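What follows draws every value from the coordinates through simple rules; no lab data is involved. In this text, all values refer to a predicted model and were calculated from it rather than measured experimentally. For neighbour counting, all protein chains shown are included, and Cβ atoms are generated from backbone atoms with ideal geometry for every residue, glycine included.
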Amino acid sequence: MKENTCETDKKHIGSVVKNNLCCFCGTCQAVCPIEAITMDCSGSFPVPIVDVSRCTQCGLCRSVCPGHEVDLQAITKDFLGQAYDRPMTGFHLDCFTGAVCDEHLRSQRTSGGLAKEIAIWGLENKRWDAVVVSQFSNEGFCRTKTTLAATVEEVERSAGSLYCPVTCGTVIRQIEKKNGTVCFIGLPCHIQALRKAQQVLPWLREKVCFTIGLFCSGTPGVDATRFFLKSHHIDPNSVELMVYRSAGWPGQIQVCLKDSDVLHCFPRGKANTFINHLKFATAFHHGGAFFHPRCSLCPDYFAELADISLGDAWKLHLDAESGGWNTGLVRSRCAEQIMRELQQAGRIVYNSIGTEQLLKSHKSSIQMRKNLLSAMNLHTRLGFQKPIFTGQPKGTSNFLLTLLCRIQWFCKKRAKAQAHWNGLWVFTFIVSFIQKLNNFIVQRKEA
Ligand SMILES: Cc1cc2nc3c(=O)[nH]c(=O)nc-3n(C[C@H](O)[C@H](O)[C@H](O)COP(=O)(O)OP(=O)(O)OC[C@H]3O[C@@H](n4cnc5c(N)ncnc54)[C@H](O)[C@@H]3O)c2cc1C
Ligand code: SF4
Ligand code: SF4
Ligand code: SF4
């Protein structure tokens, strides 16, 4: 096995990065007391770099890092006050489908628009004083920033789903300086990092009083967007503004170019042509060539440590004419109360559904999670350390599944080396075929 770690690397987050386990949340940078960590954003994913000449090896960055270790059981007990008894979904009080009632707002938001609606409701009713939101920054192509929004307009202006890296954790420094309490919106790994940081920083525990987690099957790197634009003959450097999901559900990718009034729209789903669907899938379908290897090891699709978790309502055939729908899980009494208030105020539609229906809606992402053990086996065979996720479901693995994972890994590596679309889609096709084969084998084993 390759040796990826030296002793001092184990004190800070150096070994996490070397073992391909960093999920680029940015939390380590925010908590380092001597600011010895910087994020290098020149590549497809941000990478934390430790200035070892200044590092005092205090270990704080490593203790908040979700990349190498998350104790789902202990954190569930600590923050939700409950036993971790439902390993595929995390502890929850209810599963639901829902959406905001205002059709205009709903068409402008990502799915059913509940993430922003809950955040705004809390601001209006003084449950919290600011909301952690993310959006594009103007620091470079596909660069994002996470900030504190203190007004309804600022929350509304934040982005819909950003399918590129977001280093949400860097906002912790702003939270420290801000008076009052905060609602945090982020991906599952952002929430894991926040929870770990809250366990070691008591002031952060007091200040972040509510968390909204977004379901996540992976974040594509900046190169995915670059590839997508190039496949449509758009020069990434000429892009002024880009929205990943806009105009209805599941929405379009909209691109506005510098020096032009023309809005380029690329539909998703059934409205797409076959070739354009292939281009979209090559760039953005989970498990594809542009996703970080750490995402294939991720144990947490449903944001299991948040107060409330939200995703799309895929495959439930709800009326999408008037806009999208969320599916979600209510995990805390506070979230339950807020959803009741929003319903009574006539702001949202909320319908309880069974856990089975929720799992059906997210079948393909769940299948990927069931393949976790094969992905972990491959990770170790490639010479990297395994992450430790206490509480994750055992999943299934055998020689064939690990071999398929390995072929998939090889194809992704080859695909990334292809600068041009013509070469890339062949590998992408093989990758998704293997994914489907993997899922089929897991299903057969379960049956
Ligand atoms: C990378 C990524 C992968 C996802 N994968 C899935 C999936 O596989 N299945 C599924 O059902 N749902 C997935 N989602 C969630 C889904 O796209 C919607 O975000 C979710 O349904 C909430 O919709 P909404 O209408 O309630 O959000 P809105 O009311 O539109 O609010 C969106 C909020 O999310 C925040 N935000 C946007 N992007 C990011 C980001 N990258 N990191 C942190 N915060 C962000 C913004 O600040 C904004 O406030 C994913 C989201 C992302 C960003
Ligand atoms: S804290 Fe986040 S950014 Fe830092 S090493 Fe860990 S996963 Fe990566
Ligand atoms: S070990 Fe301490 S000083 Fe060193 S990088 Fe991490 S947080 Fe900073
Ligand atoms: S799949 Fe997991 S590790 Fe990857 S971005 Fe999503 S929550 Fe983070």
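List of remarks:
- Too-long pairs where the Cα-Cα distance tops 29 Å, listed order kept, from Lys116/Lys386; Lys18/Lys177; Lys145/Lys178; Lys196/Lys315; Lys279/Lys386; Lys77/Lys363: Lys116/Lys386; Lys18/Lys177; Lys196/Lys315; Lys279/Lys386
- The residue list Thr380, Gly90, Ser322 was ranked by how far each Cα lies along the charge dipole of the chain toward its positive end, using unit charges on Cβ atoms, and Thr380 comes out on top.
- Here the 3J(HN,Hα) profile of the stretch 199-215, calculated from phi with Karplus coefficients 6.51, -1.76 and 1.60 at θ = phi - 60°, is 5, 9, 10, x, 5, 6, 5, 5, 7, 8, 9, 8, 10, 10, x, 9, 4 Hz, Gly and Pro shown as x.
- Highest-fluctuation residue, Pro220, Pro48, Pro202 considered, GNM on the chain with Cα pairs under 10 Å: Pro202
- The aspartates and glutamates whose alpha-carbon is closer than 16 Å to the alpha-carbon of Lys230, local same-chain residues fewer than 8 away aside, are Glu240.
- Eligible aspartates and glutamates near Lys370 by straight Cα distance, threshold 14 Å, same-chain separation 8 or greater: Asp300, Glu446
- The packing ranking, built from the mean of other Cβ atoms within 10 Å per residue, places the peptides 151-158, 370-377 in the order 370-377, 151-158, highest first.
- Along the stretch 375-388 the Karplus relation, 6.51 cos²θ - 1.76 cosθ + 1.60 evaluated at θ = phi - 60°, assigns HN-Hα couplings of 4, 5, 4, 5, 4, 6, 4, 7, x, 9, 6, 7, x, 10 Hz to successive residues, with x for each Gly and Pro.
- Applying the Karplus relation 6.51 cos²θ - 1.76 cosθ + 1.60 with θ = phi - 60° to the stretch 353-368 yields 3J(HN,Hα) values of 10, x, 4, 4, 5, 4, 5, 5, 5, 10, 4, 5, 5, 5, 4, 4 Hz, where x marks Gly and Pro.
- Binned Cα-Cα distance frequencies in the stretch 8-69 - 10 Å width, integer %: 25, 62, 13
- Within the listed set Ala130, Ala159, Ala289, the Gaussian network model of the chain (springs between alpha-carbon atoms below 10 Å) gives the highest mean-square fluctuation for Ala159.
- Estimated FRET transfer efficiency when R0 is 45 angstrom, pair Arg340-Ser260 (beta carbons, to 0.05): 0.40
- For the stretch 124-205, the set of chymotrypsin sites (Phe, Trp or Tyr not before Pro) satisfying both a DSSP loop assignment and a count of at most 15 other C-beta atoms within 10 Å is given as Phe141.
- Spin-label model distance (nm) - Ile388 vs Ile275, 7 Å beyond Cα toward Cβ: 5.3 nm
- Of all DSSP-defined beta bridges confined to the chain, some 75% are antiparallel rather than parallel.
- Ellipticity at 222 nm from helices only: DSSP H runs of n ≥ 4 in the chain, each -39500 (n - 2.57), divided by the residue count, give -11000 deg cm²/dmol.
- Cα gyration tensor shape of the chain, rounded if a/c is under 1.5, else prolate or oblate by comparing a/b with b/c: rounded
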